[in-house]
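S.K.: Next up is a structure, given as structure tokens.
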Amino acid sequence: MRKRKLIAGNWKMNGTLEANDALLRAVAAGINELACQVVVCVPAPYLAQVQMLRQGSKIELGAQDVSRHATGAYTGEVSATMLREFGVRYAIVGHSERRQCHGETDAIVAEKARTALAHGITPIVCVGETLAEREAGQTEEVVKRQLAAVIHVNGHCISEIVVAYEPVWAIGTGKTASPEQAQQVHALLRQQLAAATEHAERVHLLYGGSMNAANAATLLAQTDIDGGLVGGASLKAPDFLQIIAAACA
Ligand code: 13P
């Protein structure tokens, strides 16, 4: 049986109480009969608000990061236990913006994935190459290295993760990877997972990077693209709903 596609919105550092209310209500109203899974990954201060707003809808709640530590003196960090208290089911880990601006290494990302899994939160592990790396022909090496670290630490439950391939040069730039470019990397990631688990087919492999209402259907039609991690377009209800509709088709 084909698995249901997964569309996750990453709001990044956007939103206000008022704007979130309007966005969530509009999205929830547009997706009553769902043939795919929908998640919104919201800034931590809005978890309580969105937890309430999503009630009665099929929208799942996600966080944009999670601490690798359980508890203690880690100023500014949010633990997996805290996220669970707000009904969080997914957490993005290793987003390129965190790797670049917050010094997250492959090893830290792998630990975050482990902490999330240990608390019943599905990590959405982001991998992806920069433009310089792509131009130097290093795409395969980079994404494999990033995923290998996560497999190394989480080998026994690796089929429980979600992987998002987000080429850094496509994020927020309006330059999407072509469906062929994306599929090529997704196939590599699937192969790598297959070497670690017999359940590699179960793992959702998401594409992220300027996915929008116009290009979603072709990207989502690729064999190994099981969904999307959507930034900018997830902040506009009509656009997000069109992407969801493409994934449910
Ligand atoms: P955009 O869809 O805005 O390019 O962002 C992609 C992304 O980084 C999602 O995590």
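S.K.: Would you kindly derive the ³J(HN,Hα) couplings of region 189-197 from the backbone phi angles with the Karplus curve 6.51 cos²θ - 1.76 cosθ + 1.60 (θ = phi - 60°), listing them in order in whole Hz, with x for Gly and Pro?
M.R.: 5, 4, 4, 5, 5, 5, 6, 9, 8
S.K.: Then there's this: So which GluC sites (Glu not before Pro) in region 150-249 pass both tests, a DSSP loop state and at most 10 other Cβ atoms within 10 Å of the Cβ?
M.R.: Those that pass, being in a loop and sparsely packed, are GLU198.
S.K.: Next up: Report ARG114's accessible area, 1.4 Å probe, all protein chains in place, as a number in Å² to the nearest 10.
M.R.: About 120 Å², ignoring ligands and nucleic acids.
S.K.: I need the phi-derived Karplus couplings for region 105-118: 6.51 cos²θ - 1.76 cosθ + 1.60, θ = phi - 60°, integer Hz, Gly and Pro marked x.
M.R.: So the Karplus estimates, Gly and Pro as x, are 8, 4, 5, 5, 4, 4, 5, 4, 4, 5, 4, 4, 4, 5 Hz.
S.K.: Can you compute the helix-only [θ] at 222 nm over the chain? Use -39500 (n - 2.57) per DSSP H run of at least 4 residues, normalise by all residues, nearest 500 deg cm²/dmol. Don't skip to the end; give the middle numbers.
M.R.: Working: 10 runs with 100 residues, N = 249.
Helix-only estimate at 222 nm: -12000 deg cm²/dmol.
S.K.: Still on this structure: Pick out, in residue order, every one of the GluC sites (Glu not before Pro) in region 27-128 that is DSSP loop and has at most 13 other C-beta atoms within 10 Å; say none if there are none.
M.R.: Qualifying residues, ordered by number: GLU33.
S.K.: Shifting gears a bit: Residue separation times 0.36 nm, minus the C-alpha to C-alpha distance between LYS3 and ALA214: what's the value?
M.R.: Numbers: separation 211, 0.36 × 211 = 75.96 nm, distance 2.31 nm.
Full-extension gain reported as 73.6 nm.
S.K.: Once neighbouring chains are kept in place and the probe is 1.4 Å, which whole percent of the accessible area of region 117-243 is contributed by carbon and sulfur?
M.R.: Numbers: 2610 of 5070 Å².
So the carbon and sulfur contribution to the accessible surface is 51 percent.
S.K.: Note the full-extension length gain between ALA195 and GLU180 as 0.36 nm times their separation in residues minus their Cα-Cα distance, in nm to one decimal.
M.R.: Here the answer is 3.1 nm.
S.K.: Out of all DSSP beta bridges with both ends in region 1-145, state the antiparallel percent to the nearest 5.
M.R.: Values: 0 of 17 bridges.
Roughly 0 percent of the beta bridges in region 1-145 run antiparallel, per DSSP.
S.K.: Quick one: accessible area per residue over the chain, 1.4 Å probe, rounded to a whole number of Å²?
M.R.: 45
The values are calculated or read from the model by the stated rules, or taken from the named source; none is laboratory data. Keep in mind that this is a model prediction, so the values were computed, not measured. All Cβ positions, glycine included, derive from the backbone under ideal geometry; neighbour counts span all protein chains shown. Heavy atoms of the whole protein, side chains included, go into the accessibility calculation; ligands, DNA and RNA do not. Shrake-Rupley method; radii C 1.70, N 1.55, O 1.52, S 1.80 Å.
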